[in-house]
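Colleague: The structure's right below; bear with me while I get my questions together.
The values are calculated or read from the model by the stated rules, or taken from the named source; none is laboratory data. Fair warning: this is a prediction, and the values are worked out from it, not measured in the lab. Note: ideal-geometry Cβ built from the backbone for every residue, glycine included; neighbour counts use all protein chains shown. All accessible areas refer to the heavy atoms of the entire protein, side chains included, with ligands and DNA or RNA removed. Shrake-Rupley method; radii C 1.70, N 1.55, O 1.52, S 1.80 Å.
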Amino acid sequence: MSAPAAVAVRTEPRITGLSTRLITVPLRRSWGVEAPENHVIVTEIHTDDGGAGHGFSWTPTIGPQAVKALLDHDIAPFIAGLPANPEMVWDAVWKRLHEAGGGGLTTIAMAGVDLALWDLKASRAHTSVTGLLGQRQESAEVYGSGVNLHYTLEELVAQTERWIAAGHHAVKIKVGKPDIREDAERVAAVRSVLGPDRKLMIDANQRWDLPTTLKALDVLAGFGLEWLEEPIRADDLWAYRRLRKHSPVPIALGENLHTIYRFRDFIDAEAVDIIQPNIIRVGGITPFRRIVELARTNSIKVMPHLLPELSGQLALTLAEPTLVEDVEEASFEQLGILAGPSPVRFSNSRVTLTNQPGLGFRFADARARQSKATQA
């Protein structure tokens, strides 16, 4: 009896290289003296069968050169030869970099690899990353957001009017002025423009401590707030646990939590109503999906933080509808750093796909960006 024929086992292509480049782009509407620009670290992964995946890391202020150095000197040589499997590579790199910190610059750098590998995997399947992961929503609601604490009251009102004209049914503004009465005046003005039926969220960006937050809520809760975002230092679990027990307004946080363990800690402590993972800061699509499932099992809402062209794609894969944050004139397309069309479309306060393969991000080189800036 003859031996059975050998069955060919298909192996995944292996990573042969990782290249990076840094884009620093001025914001069209400054986020204040501490954040006049954003930094994008563009990543490209190559495989032994000629494939290429495109991704990015991002930071608005701190550490772009450090992120690039981690990618170039620590991550690139480590992932060479690994199968181009995003989840397997993520776990291996996270373990490798843990000595440098379990989150922060390490996970920001890891996102550049993770996004490029998901882009490659979806492109090979001739679909978008949204399609590869399973699209569950045809569209998602977009809310108008602004880094606007430095705006005058008149500028803030004008911004709110632009959001209404754009069709937004929900908006978010910054609070945290030295005098709570000024915050109250600004929130009252925005609510007056919005009317009673649109959603209004406020974000204090860690400017308060627990006693100040409770006093602020005594003044601001009456304006019909959808949530209060990150009023206290993001690391202070003790304070958030106590705040949520006494707050008449839902508490949102998560843009400065970088690992699933920190999200688990806040959820287990019953310290949060809404989590807001930033897909880049948590390390990419792989950990974002795990954090989402953690939230779902605990009946916690997920509202992705910033990066609407990326968050919008992942929002369409979620089982529960969510809101996508769009800071005014701060998308990659509006900043002029894309070499092609955006992977998503914003219209009537909704985000939809443009059905490009992979993640759909191709970033312009310096000469092309300069040409766009001159034309603008």
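Colleague: Determine if segment 44-59 includes at least one residue that is among the charged types (D, E, K, R) and either open to solvent by less than 10 Å² (accessible area, probe 1.4 Å) or more than 21 Å from Glu309 (Cβ to Cβ) (or both).
Modeller: Here is the first cut: in segment 44-59, the ones among the charged types (D, E, K, R) are 44, 48-49.
So of that shortlist, the ones also either open to solvent by less than 10 Å² (accessible area, probe 1.4 Å) or more than 21 Å from Glu309 (Cβ to Cβ) (or both) come out as 48-49.
Yes, the conditions are met somewhere in segment 44-59.
Colleague: Next question, about the same structure. Taking the condition of being polar (S, T, N, Q) and more than 21 Å from Glu255 (Cβ to Cβ), how many residues in segment 172-210 meet it? Don't jump to the end; show me each part of the working.
Modeller: First, pick out the residues of segment 172-210 that are polar (S, T, N, Q): 192, 205-206.
From what is left, the residues that are more than 21 Å from Glu255 (Cβ to Cβ) are 192.
Result for segment 172-210: 1.
Colleague: Only one of Ala158, Ala188, Ala166 is open to solvent by 30 Å² or more (accessible area, probe 1.4 Å), touching a strand residue (DSSP E or B) at 6+ places or on another chain (Cβ under 8 Å) and aliphatic (A, V, I, L, M). Can you tell me which? Even if it seems obvious, please write down each step before you answer.
Modeller: Numbers: Ala158 fails: touching a strand residue (DSSP E or B) at 6+ places or on another chain (Cβ under 8 Å); Ala188 fails: touching a strand residue (DSSP E or B) at 6+ places or on another chain (Cβ under 8 Å).
Matching residue, one of Ala158, Ala188, Ala166: Ala166.
Colleague: I'm trying to understand the selection: among the residues of segment 99-112, which are touching a Gly at 6+ places or on another chain (Cβ under 7 Å), open to solvent by less than 60 Å² (accessible area, probe 1.4 Å) and of a type outside the set (Ser, Thr, Tyr)?
Modeller: Applying the first criterion (touching a Gly at 6+ places or on another chain (Cβ under 7 Å)) to segment 99-112 yields 105, 107, 110-112.
With open to solvent by less than 60 Å² (accessible area, probe 1.4 Å) added as a condition, the list becomes 107, 110-112.
Those that are touching a Gly at 6+ places or on another chain (Cβ under 7 Å), open to solvent by less than 60 Å² (accessible area, probe 1.4 Å) and of a type outside the set (Ser, Thr, Tyr): Met110, Ala111, Gly112.
Colleague: Quick check on Arg96: is it within 28 Å of Glu328 (Cα to Cα), at pLDDT 95 or above and either surrounded by fewer than 19 Cβ atoms within 10 Å (Cβ to Cβ) or touching a Pro at 6+ places or on another chain (Cβ under 8 Å) (or both)? Show your work before the answer.
Modeller: Working: within 28 Å of Glu328 (Cα to Cα): no; at pLDDT 95 or above: yes; either surrounded by fewer than 19 Cβ atoms within 10 Å (Cβ to Cβ) or touching a Pro at 6+ places or on another chain (Cβ under 8 Å) (or both): yes.
In short, no.
Colleague: Show me the helices (runs of 4 or more DSSP H) entirely contained within segment 1-120 in which 3 or more residues are more than 30 Å from Asp326 (Cβ to Cβ). Give the steps one after another, and end with the answer.
Modeller: On the way: elements: 64-69, 76-79, 86-97.
Answer list for segment 1-120: 76-79, 86-97.
Colleague: Oh, and also: Pick out the one residue from Gly312, Gly336, Gly360 that is at pLDDT 95 or above, farther than 29 Å from Ile173 by Cβ and either buried (at least 21 other Cβ atoms within 10 Å of the Cβ) or of a type outside the set (A, V, I, L, M, F, W, C) (or both). Even if it seems obvious, please write down each step before you answer.
Modeller: Values: Gly312 fails: farther than 29 Å from Ile173 by Cβ; Gly336 fails: farther than 29 Å from Ile173 by Cβ.
Of Gly312, Gly336, Gly360, the one residue that is at pLDDT 95 or above, farther than 29 Å from Ile173 by Cβ and either buried (at least 21 other Cβ atoms within 10 Å of the Cβ) or of a type outside the set (A, V, I, L, M, F, W, C) (or both) is Gly360.
Colleague: Scan segment 201-220 and report the pairs whose first residue is farther than 15 Å from Arg242 by Cβ and modelled with pLDDT of 95 or more and whose second residue is aromatic (Phe, Trp, Tyr) and open to solvent by 40 Å² or more (accessible area, probe 1.4 Å), with Cβ atoms within less than 9 Å and a gap of 6+ or a chain change.
Modeller: These pairs meet every condition: Ile202/Phe223.
Colleague: OK, next. Could you check segment 281-292 and list, in sequence order, the residues that are within 21 Å of Lys95 (Cβ to Cβ) and not in a loop (DSSP other than H, G, I, E, B)? So that I can check it myself, show each step before the final result.
Modeller: To start, the set of residues in segment 281-292 that are within 21 Å of Lys95 (Cβ to Cβ) comprises 281-291.
Correct list: Ile285, Thr286, Pro287, Phe288, Arg289, Arg290, Ile291.
Colleague: Counting just the residues of segment 254-280 that are in a helix (DSSP H, G or I) and free of Cβ contacts under 8 Å to residues at least 60 places away in the same chain, which one comes out surrounded by the fewest Cβ atoms within 10 Å (Cβ to Cβ)?
Modeller: Pass one, segment 254-280, residues in a helix (DSSP H, G or I): 260-268.
Filter again for free of Cβ contacts under 8 Å to residues at least 60 places away in the same chain, leaving 260, 263-268.
Numbers: Ile260: 18, Phe263: 26, Arg264: 15, Asp265: 15, Phe266: 21, Ile267: 18, Asp268: 11.
Applying the filter and picking the extreme gives Asp268.
Colleague: Continuing with this model, one more query. Suppose we filter segment 318-333 for residues that are out of contact with any helix residue (DSSP H, G or I) (no Cβ under 7 Å at 6 or more places or on another chain), buried (at least 20 other Cβ atoms within 10 Å of the Cβ) and under 23 Å from Arg290 (Cα atoms); how many remain?
Modeller: Number satisfying all stated conditions: 1.
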